[in-house]
Each structure stands twice: as C-alpha cells, then as structure tokens.
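S.K.: What follows is a single structure, and I will ask about it in a moment.
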Amino acid sequence: MTPGQPAPDFDAIDQHGQRHRLADYRGRWLALYFYPRDDTPGCTRQACSIRDGRAALAARGLTVLGVSAQGSAAHRAFTDKFALDFPLLVDESQHIARSYGALGSGPAGLLRRWLGAYRRISVLIDPDGHIAHVIERPDVSRHADELLALLPSS
C-alpha cells in the first residue's frame with residue numbers, strides 16, 4: 001500500500017450482518033484498521049481507543065471499520081463486551097487482508113494466513129477512494145489520536 005494509489009475494493013458484512021463496500025464511503029474519509037484477534041489485550045486497547053475517540057473522529061468526517069479474520073459471532077461478543085460502537089468486518093476468507101497487505105509476506109505471512117491473525121496496520125482512505133496514509137505500527141493506546149493527526153484541518 002502506497003499513498004496515492006486507489007484503495008482495493010472490498011465487500012464484507014459486519015458483526016450485525018450489515019454489508020459494507022468501499023463504494024459506500026465515497027466522498028468521506030475512511031480508516032480500515034486491521035487487527036490480529038478479537039478480545040486480546042492489544043486489540044482491546046486499540047478498539048477502546050477508537051471507541052473513546054469516535055465522536056472526535058466523526059466530527060472530522062472519518063468513519064472507522066475494524067477488520068479481522070474472526071466471524072460475526074466473535075465480533076459481536078467483542079463489541080458487546082467492550083461497548084464498541086463501530087463496525088467490525090468479517091474477513092474469514094482473508095480477501096480484504098490480502099488486498100491491503102495485512103497478512104505480510106514471507107514465512108510470517110504464511111503463518112498469519114494459517115492462524116488467521118493479521119498484522120496490525122491501519123489504512124486511511126481519502127474521499128476519492130485513494131490511499132492517503134498507512135500506519136504500519138499503530139499505537140494501540142492512542143490510535144484514535146494517530147488517526148486524527150493525519151486528517152486535514154477543516
């Protein structure tokens with residue numbers, strides 16, 4: 001993923017069965033954050049950072065979607081347990097992760113594919129559907145602040 005290139009298309013359901021496609025977000029800023037697994041310590045801190053910063057992110061016009069390989073039941077349990085108020089996309093086929101480079105490459109990428117545990121990256125997509133920024137190693141405790149810092153001033 002490099003800034004300026006078109007964002008890969010995706011079509012997936014979230015934890016409630018609602019469908020999400022890249023085209024649905026044209027004209028708006030979108031962040032896809034890829035995380036290893038539901039309800040693990042780092043993933044929980046990251047999700048809670050986004051939950052706690054969601055009002056500020058929305059005020060700046062950003063929608064955030066989480067993506068991991070777990071199914072909708074695991075995503076629902078995770079969102080219920082931590083009162084997460086944003087969509088978590090189901091990517092059991094790992095198609096979105098492959099398209100966005102969230103599996104990585106080499107032996108580690110093969111292991112991630114087998115385990116279904118993505119590397120932690122976030123991709124900020126501009127309103128025209130192009131990659132604006134890639135955060136290779138998000139700070140799980142401050143992820144909402146990292147995303148806010150990358151958005152243009154209004």
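S.K.: Over the chain, calculate the relative contact order: mean separation of alpha carbon pairs under 8 Å at least 6 apart, over the residue count, as a percent.
M.R.: Numbers: 291 pairs, mean separation 53.1, N = 154.
About 34 percent, as a whole number.
S.K.: Grab the DSSP H runs of the chain that are 4 residues or longer, score each as -39,500 (n - 2.57), total them, divide by all residues and round the 222 nm result to the nearest 500 deg cm²/dmol.
M.R.: Here the helix-only value at 222 nm equals -10500 deg cm²/dmol.
S.K.: Same structure again: So what's the gap between the Cα centers of segment 50-105 and segment 6-41, to the nearest angstrom?
M.R.: If we compute the Cα centre of each part, the gap is 6 Å.
S.K.: How would the chain be classified by its alpha-carbon gyration tensor: rounded, prolate or oblate, with rounded meaning a/c under 1.5 and the a/b versus b/c comparison settling the rest?
M.R.: It is rounded, given that a/c, with a ≥ b ≥ c, falls under 1.5.
S.K.: Just the number, please: carbon plus sulfur as a percent of the accessible area of the chain, 1.4 Å probe, no ligands or DNA/RNA counted. If you can, show how the numbers build up before the last one.
M.R.: Values: 3760 of 7250 Å².
With neighbouring chains kept in place, the figure for the chain is 52 percent.
S.K.: At a Förster distance of 22 Å, what's the computed FRET efficiency of Ala149 paired with Thr2, Cβ-Cβ distance as r, to 0.05?
M.R.: Details: r = 20 Å, r/R0 = 0.90.
Plugging the Cβ-Cβ distance into 1/(1 + (r/R0)^6) gives 0.65.
S.K.: Expected output is a single nm value to one decimal: the length gained when fully extending between Ala77 and Asp139, i.e. 0.36 nm times separation in residues minus the C-alpha distance. What is it? Before the final figure, lay out the partial values.
M.R.: On the way: separation 62, 0.36 × 62 = 22.32 nm, distance 2.36 nm.
Using 0.36 nm per residue and subtracting the Cα-Cα distance, I get 20.0 nm.
S.K.: I'd like to check one number: the per residue accessible area of the chain, probe 1.4 Å, reported in Å² as a whole number. If you can, show how the numbers build up before the last one.
M.R.: Values: 7250 Å² over 154 residues.
Per-residue value: 47 Å².
The values are calculated or read from the model by the stated rules, or taken from the named source; none is laboratory data. The shown structure was predicted, so the numbers you read here are calculated from the model rather than taken from an experiment. Heads up, the Cβs are rebuilt from the backbone with ideal geometry, glycines too, and the neighbour counts pull from every protein chain shown. SASA here: full protein model, heavy atoms, side chains in, ligands and nucleic acids out. Shrake-Rupley method; radii C 1.70, N 1.55, O 1.52, S 1.80 Å.
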